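For reference, the structure discussed in these notes is given below.
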Amino acid sequence: MPRTYRSAVRERAAASTRAAILDAAEALFAEHGYPRVTIGRIAQEAGVAQGTVYASFGNKLALIRALTERAAEDDSIGAALSVVAEASDAREIVSLVVRGTGDVVRRHWRLMAVVVDNATADTEIGEISAGTERLLRERFRMVSARLATVGALRPGLTTARAVDVLVYYVSPESWLRLRGLGWSWQACQDWLRRELLFALCGLTGEPGDSGA
């Protein structure tokens with residue numbers, strides 16, 4: 001029993017250390033730019049030895065991968081998709097998607113901005129960005145299929161094209177672009193919900209409609 005307890009304590013300590021390193025890396029990348037941040041600076045910010053960062057992750061690219069995986073595993077994503085799978089009202093489905101993607105971007109905007117800003121210049125980050133979009137498209141296929149099942153897609157709009165529409169309106173890039181224009185999170189959510197509802201379903205509605 002004591003050995004099991006010590007093992008659990010070590011695992012919790014290691015997880016806490018990894019989280020501190022990831023938090024430090026995310027903040028520094030966003031503030032100073034990915035190319036200019038060193039492993040040593042990340043270690044200093046996280047309060048650990050430089051060797052601990054290398055042992056835990058390896059290099060800066062591995063840190064980006066780990067941060068991306070952490071964002072992709074956000075508990076709210078699965079929860080939102082579960083509700084979408086049971087919803088039968090188009091306005092509710094669209095509202096859930098907009099609110100859900102917005103919540104995830106709000107929590108992980110620093111990482112997403114780093115990936116978006118460096119995807120073109122850095123081939124390896126570009127590959128991470130492409131993998132993230134593939135995962136996003138898989139999830140949006142579930143949404144478009146649900147809209148099709150309940151007969152909510154506008155005439156002539158295929159489920160494949162609906163996925164493209166979802167990517168266009170509520171991908172991280174879209175949220176970050178609006179935020180970069182000075183829009184509040186609420187203003188982004190209200191506008192995206194109205195525009196996406198019309199683009200997907202041909203419906204109009206006010207920000208306070210179902211699901212707001």
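The values are calculated or read from the model by the stated rules, or taken from the named source; none is laboratory data. What you see is a predicted model; the values in this text were computed from it and never measured. All Cβ positions, glycine included, derive from the backbone under ideal geometry; neighbour counts span all protein chains shown.
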Inset, instruction - Kindly check whether there is at least one residue in segment 17-35 that is in a loop (DSSP other than H, G, I, E, B) and either in the same structural domain as Gly100 (by TED's automatic domain parsing) or under 27 Å from Ala121 (Cβ atoms) (or both). - result: yes
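Here is a yes/no grid of residues against (1) at pLDDT below 95; (2) assigned by TED's automatic domain parsing to the domain that holds Leu111; (3) more than 20 Å from Val84 (Cβ to Cβ); (4) surrounded by fewer than 18 Cβ atoms within 10 Å (Cβ to Cβ):
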{"residue": "Val150", "(1), (2), (3), (4)": "no, yes, no, yes"}
{"residue": "Ala160", "(1), (2), (3), (4)": "no, yes, no, yes"}
{"residue": "Val163", "(1), (2), (3), (4)": "no, yes, no, no"}
{"residue": "Tyr169", "(1), (2), (3), (4)": "no, yes, no, no"}
{"residue": "Gln189", "(1), (2), (3), (4)": "no, yes, no, no"}
{"residue": "Glu206", "(1), (2), (3), (4)": "yes, no, yes, yes"}
Legend entry - Residues that are among the small types (Gly, Ala, Ser) and within 24 Å of Ala130 (Cβ to Cβ), drawn from segment 13-65: Ala25, Ala30, Gly33, Gly58, Ala62
Inset, instruction - Tally the residues that are within 23 Å of Leu67 (Cβ to Cβ) and touching an Asp or Glu at 6+ places or on another chain (Cβ under 8 Å), restricting the search to segment 87-111. - result: 5
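Matching residues to (1) of a type outside the set (Asp, Glu); (2) farther than 30 Å from Trp185 by Cα; (3) crowded, with 18+ Cβ neighbours inside 10 Å:
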residue	(1), (2), (3)
Ala19	yes, no, no
Ala24	yes, no, yes
Pro35	yes, no, no
Asn59	yes, yes, no
Gly78	yes, no, no
Asp89	no, no, no
Inset, instruction - Would you check which residues across segment 86-106 are over 12 Å from Trp175 (Cα atoms), charged (D, E, K, R) and part of a helix (DSSP H, G or I) and list them? - result: Glu86, Arg91, Glu92
